[in-house]
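Trainee: Before I ask anything, let me first share the structure, which is written out below as structure tokens.
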Amino acid sequence: MLEIRNVSLKVKGGSRTNILDHISLRIKPGTLAVITGPNGSGKSTLAEIIMGIKTPTSGKILFNESDITTQSITDRAKAGIAYSFQQPVHLRGIDVYTLLNIASGELITPETATQYLVKVGLDSSYLSREISNKLSGGELKRIEIASVLARRPTLIIFDEPEAGIDLWSINSLVKVFKKLKESGVATIIISHQEKILKLADKIIVLENGKIKQQGTPAKILPKLTGGKDGTN
Amino acid sequence: MELTNEEKQIFCEVAGTFEIPAGAYNFRVNGKSVGRSSTTNIDVRPKKDQSGLDIYIKKGTKNEQVHIPVAISATGLKEAVYNDFYIGDDAEVTIIAGCGIYNCGPSDSVHDGIHRFYVGKNAKIKYIEKHYGFGPGKGGRILNPTTEVNLSQNSEATLELEQIKGVDSTIRKTTAALENDAKLFVKERLMTHGRQTADSIYEVELNGKDSTADIASRSIAQDYSKQTFKATIIGSNKCRGHSECDAILMDQAEVHAIPALDAKTKDAELIHEAAIGKIASVELTKLMTLGLTRAEAESRIINGFLK
Ligand SMILES: Nc1ncnc2c1ncn2[C@@H]1O[C@H](COP(=O)(O)OP(=O)(O)OP(=O)(O)O)[C@@H](O)[C@H]1O
Ligand SMILES: [Mg+2]
């Protein structure tokens, strides 16, 4: 399904020039992988490279056996890849219902749109709200997550879905992640949250742009607790 | 009403219809009334001494509409039209104005519309004004609206002012004076392209105790167009005033925002916000991750922004 082959991203200047350093990774349908690691280790950058927002300096990305390394964001989205941003974006003039329609790629009824909102703990009263700073950070984050669910993708990346979200809603998000896995979606979650780490088929620990370790929660979690990673 | 296709198009754009609407109306084409009607509660009278109308709305009128759209389809026509509205106490009405110019010739066509409102106590008005231009001629399509709103005690005015397309040059002046507990809401939408210029000038006097004004302007400037937004709010009593100018800049366009707040007492609470900038690239990126092309994403943002 998704194969990352030897991907590196180098930048000029800055404190670190190897943002990502020879990353290789495979994710199969129905697999839930959690990427964790300290701030600045390159987690979001890796997600952006998979989505096509950033281009690697070397290496290849394959999706369903075809090379998508140079494909546009739009084409990747149409092929079934979705990315829930770490920092939700303000979209002035676009309301939640319109956003969910765009995401669905077709006209959907308010009832269908509401189903996506309910999954993230919101209700139909949000449909007419503009995606602007008049919504709270947590509300924006939930709408961001709802927008990728509405795409019904086959590969979905969540970038710190727990950020700004209260515990009750994290529990309902956990249910959403389990359902995605059951329905055969390949899921990558960037997270520091233990409840989410425990769901993983595979945990990948990034540090300084490199994969430091990977394996099952049983293998990785004991090493993370007490360390600087995984505490949240 | 006998109308050309261009005139029909104008009335559709600015008034939503070229058919006779329900309620009182006056349709003006190339300087002449082509249809006029009053109702029991709303009296539409042509002025005797100058071009324009006196419109009297009876006390306590509820849920009625007045349509007074204007079309110009003759090149080189220049007119100034004075419309005065006398709105009785406790009345609630919607006024649909607006003007469109079709210019197929070499000379400028100009419409200066001067609208004055005298809003009675506890009355509520909604004023919708759309401006629009098109046509292949080299002559300019020029619209200069002046709107003057006088709000009596506890009355309310909502102005929806929109200029979306094809107006080459505009100077929009809106002034308001508010008595005790009066409320003013303004929603302005402007789009300029080519080498168009648009100046939008507001002067609002919050004279009455607990009067409030909220001016929200959104605009998009494309190509080489230039816009100026100048809002002055004067608070001379315990009052609340807010003005907001949010502009998207594209291509080589320019936008100037000049806020002015004039608080004459410490009980006046006045706020101005202005944000001018291009469409943020993260906005486009986000929409592209939802399957839109860059061009589709851009037009989504533009259309949404001006809604
Ligand atoms: N264009 C750029 N030029 C230079 N450095 C960059 C650039 N983009 C990202 N970086 C750096 O790359 C590193 C990885 O950033 P990234 O956002 O991927 O980290 P992260 O693991 O997602 O961190 P966090 O947990 O804080 O979200 C950071 O040190 C960041 O400063
Ligand atoms: Mg990150």
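Trainee: On the given criteria, is B:Thr285 assigned to a loop (DSSP other than H, G, I, E, B), without any contact (Cβ under 8 Å) to a residue 40 or more places away in the chain, open to solvent by 20 Å² or more (accessible area, probe 1.4 Å) and farther than 30 Å from B:Ile171 by Cβ?
Mentor: No.
Trainee: Which one of these does A:Gly14 not meet: (1) within 8 Å of ligand 1 (Cβ to nearest atom); (2) closer than 21 Å to A:His192 by Cα?
Mentor: Only one criterion in (1) within 8 Å of ligand 1 (Cβ to nearest atom); (2) closer than 21 Å to A:His192 by Cα is unmet by A:Gly14, namely (2).
Trainee: Mind checking which residues of region A:82-137 are open to solvent by less than 30 Å² (accessible area, probe 1.4 Å), within 16 Å of ligand 2 (Cβ to nearest atom), assigned to a loop (DSSP other than H, G, I, E, B) and not hydrophobic (A, V, I, L, M, F, W, C)?
Mentor: Once the filter is applied, which keeps residues that are open to solvent by less than 30 Å² (accessible area, probe 1.4 Å), within 16 Å of ligand 2 (Cβ to nearest atom), assigned to a loop (DSSP other than H, G, I, E, B) and not hydrophobic (A, V, I, L, M, F, W, C), region A:82-137 yields nothing.
Trainee: Pick from B:Gly208, B:Gly291, B:Gly277, B:Gly241: which is at pLDDT 95 or above, closer than 30 Å to A:Ile50 by Cα, of a type in the set (Gly, Ala, Ser) and open to solvent by less than 60 Å² (accessible area, probe 1.4 Å)?
Mentor: B:Gly291
Trainee: Separate question: Please give the number of the condition A:Asn39 fails out of (1) within 18 Å of the chain's Cα centre (by Cα); (2) over 18 Å from B:Arg294 (Cα atoms); (3) surrounded by 17 or more Cβ atoms within 10 Å (Cβ to Cβ).
Mentor: (3)
Trainee: Turning to a different aspect of this structure: Tell me, which residue of region A:184-222 that is in a loop (DSSP other than H, G, I, E, B), free of Cβ contacts under 8 Å to residues at least 60 places away in the same chain and of a type outside the set (D, E, K, R) is surrounded by the most Cβ atoms within 10 Å (Cβ to Cβ)?
Mentor: The qualifying residue surrounded by the most Cβ atoms within 10 Å (Cβ to Cβ) is A:Gln193.
Trainee: Another one. Six or more apart or on different chains, Cβ under 7 Å: which pairs go from a residue in region A:32-47 that's part of a helix (DSSP H, G or I) to one that's open to solvent by 10 Å² or more (accessible area, probe 1.4 Å) and more than 6 Å from ligand 1 (Cβ to nearest atom)? Could you list them?
Mentor: A:Thr45/A:Leu9; A:Thr45/A:Lys54
Trainee: Report the residue count in region A:100-117 for those that are more than 8 Å from chain B (Cβ to nearest Cβ) and either within 27 Å of A:Glu48 (Cβ to Cβ) or among the hydrophobic types (A, V, I, L, M, F, W, C) (or both).
Mentor: 9
Trainee: For region A:145-161, give me each residue that is open to solvent by 10 Å² or more (accessible area, probe 1.4 Å) and within 16 Å of ligand 1 (Cβ to nearest atom).
Mentor: The one that is open to solvent by 10 Å² or more (accessible area, probe 1.4 Å) and within 16 Å of ligand 1 (Cβ to nearest atom): A:Glu160.
Trainee: Can you tell which of B:Ala260, B:Ala253 is within 18 Å of B:Leu184 (Cα to Cα) and within 23 Å of the chain's Cα centre (by Cα)?
Mentor: Numbers: B:Ala253 fails: within 18 Å of B:Leu184 (Cα to Cα).
On inspection, the qualifying residue turns out to be B:Ala260.
Trainee: Something else about it: Is at least one residue of region A:58-69 within 16 Å of ligand 1 (Cβ to nearest atom), modelled with pLDDT under 95 and surrounded by fewer than 17 Cβ atoms within 10 Å (Cβ to Cβ)?
Mentor: Looking for residues that are within 16 Å of ligand 1 (Cβ to nearest atom), modelled with pLDDT under 95 and surrounded by fewer than 17 Cβ atoms within 10 Å (Cβ to Cβ), one finds none in region A:58-69, hence no.
Trainee: If A:Lys54 meets every condition in (1) surrounded by fewer than 19 Cβ atoms within 10 Å (Cβ to Cβ); (2) at negative phi; (3) more than 16 Å from ligand 2 (Cβ to nearest atom) apart from one, which number is that one?
Mentor: (3)
Trainee: Checking the conditions here, which among A:Ala186, A:Ala218, A:Ala146, A:Ala150 is closer than 30 Å to A:Lys10 by Cβ and not hydroxyl-bearing (Ser, Thr, Tyr)?
Mentor: Answer to the selection: A:Ala186.
The values are calculated or read from the model by the stated rules, or taken from the named source; none is laboratory data. Every value quoted in this text rests on a predicted model; they were computed, and no experiment measured them. Note that each Cβ is placed from the backbone with ideal geometry, even for glycine, and that neighbours are counted across all protein chains shown. Accessible surface areas use protein heavy atoms only, side chains included; no ligands, DNA or RNA. Shrake-Rupley method; radii C 1.70, N 1.55, O 1.52, S 1.80 Å.
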